[in-house]
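K.L.:
The structure under discussion is supplied below as structure tokens; questions concerning it will follow.
The values are calculated or read from the model by the stated rules, or taken from the named source; none is laboratory data. Everything numeric in this text was worked out from a predicted model, so none of it was measured. Backbone-built Cβ (ideal geometry, glycine too); neighbour counts: all protein chains shown.
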Amino acid sequence: MVLVGHVKDKTAILVDNMADTCGTLSFTRSYTPLKVLGNGSFGTVWFCDWHGTLPPNTPLSPMQCGAGARLDWAGKRLVAVKHMKKKWEGGWDECQKLKELEARKGCPLTGGLVSSIFFQIVSGLDHTHANGYFHRDMKPENVLVTTTGLFDYTTLSPVAPPNAPSEKFVVAIIKLADFGLARETKNKPLYTEYVSTKWYRAPAVLLLSRDYSNPVDMWALGTIMAELVNLRPLFPGSDQVDQVNRICEILGNPSNEYGLDCSHAPIGGGPWPRGPNGAGRRL
């Protein structure tokens, strides 16, 4: 993301020069703002057509190539540009000190925040299911997050000492979004075979079953929470067959021989006689 000054006319082409963080390279910063993506405490993020130079081998946006390409964005270089609400006298070095610019890649979320997010998503799904609907398209993009300050979370690590200090992290308000594929649970199947994004799709749907219900949301919830903890997708399959293979690699093959857990309840979801037939048709 590029940080720049205030935009007065969103139709104008803005041109400026900027040096990289080491001060050894300068390049032209020229772009046309297309629309506002969002406002924050420090500035506004604009969706822009970039006319200046970009690093070598910079890939095109998925919106400009592949099956999801849009004709109105052909020939454009789409970037997000953040226009700061105040002038930073220290330049780029001072901007880098902003909390929101600190890279989180590889830095896990605190256990208390993960628990809070889990509780809120489960509460939303419980409300949805209790009112006779299921979402059918649960994925991280449909979990909206608003942060409202900081909180001292009690550490939840099983290896932490009893007197472990609390962990300060953001407070997150969670909302479930995009109910465009939602259906009433009392509706008579058969439902559409293709629902939800592949990585979060339940095995029944992957195997083209059209008789499914609320449990597909719970499967997706599990994959979302695993991704939240591990900071990477749990089952990033390249297609439906690869998706099934990845699930079996981690969870094992479906079986009735897993035994009982500590509560003497069967481990696993139990017999699924339609599964082998569905797998045979799909594979």
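K.L.:
Can we say GLU257 is loosely packed, with under 12 Cβ neighbours inside 10 Å, acidic (Asp, Glu) and at pLDDT below 75?
P.N.:
yes
K.L.:
Residues of the stretch 153-165 being surrounded by 11 or more Cβ atoms within 10 Å (Cβ to Cβ) and more than 25 Å from the chain's Cα centre (by Cα), which ones?
P.N.:
Scanning the stretch 153-165 gives THR154, ALA160, ALA164.
K.L.:
With the structure loaded, tell me whether PHE179 is closer than 17 Å to LEU109 by Cβ, aromatic (Phe, Trp, Tyr) and at pLDDT 85 or above or whether it fails that test.
P.N.:
The answer is no for PHE179.
K.L.:
In this structure, does PHE169 turn out to be surrounded by 12 or more Cβ atoms within 10 Å (Cβ to Cβ), assigned by TED's automatic domain parsing to the domain that holds MET218 and over 14 Å from LEU109 (Cα atoms)?
P.N.:
It is false that PHE169 is surrounded by 12 or more Cβ atoms within 10 Å (Cβ to Cβ), assigned by TED's automatic domain parsing to the domain that holds MET218 and over 14 Å from LEU109 (Cα atoms).
K.L.:
Oh, and also: Working only within the stretch 202-229, note down all residues that are closer than 21 Å to LEU144 by Cβ and charged (D, E, K, R).
P.N.:
Hits for the stretch 202-229 are ASP217, GLU227.
K.L.:
Ok, one more. Looking at the stretch 137-152, is at least one residue within 25 Å of GLN240 (Cβ to Cβ) and in a strand (DSSP E or B)?
P.N.:
Within the stretch 137-152, one or more residues are within 25 Å of GLN240 (Cβ to Cβ) and in a strand (DSSP E or B).
K.L.:
I've got another one for you. Given the structure, is ALA177 farther than 22 Å from VAL205 by Cβ and in the same structural domain as ARG201 (by TED's automatic domain parsing)?
P.N.:
So ALA177 does not fit the description; no.
K.L.:
Let me ask something else. Of everything in the stretch 55-112, what is in contact with a Phe, Trp or Tyr (Cβ under 9 Å, 6 or more places away or on another chain), surrounded by fewer than 12 Cβ atoms within 10 Å (Cβ to Cβ) and modelled with pLDDT of 70 or more? Give them in sequence order.
P.N.:
Listed by number, the list holds a single entry, LYS86.
K.L.:
Could you grab me the full set of residues in the stretch 107-136 that are of a type in the set (A, V, I, L, M, F, W, C) and in a helix (DSSP H, G or I)?
P.N.:
Hits for the stretch 107-136 are LEU113, VAL114, ILE117, PHE118, PHE119, ILE121, VAL122, LEU125, ALA130.
K.L.:
Right, next: Name the residues in the stretch 229-239 that are farther than 13 Å from TYR200 by Cβ and surrounded by 12 or more Cβ atoms within 10 Å (Cβ to Cβ), would you?
P.N.:
Passing the criteria: VAL229, LEU231.
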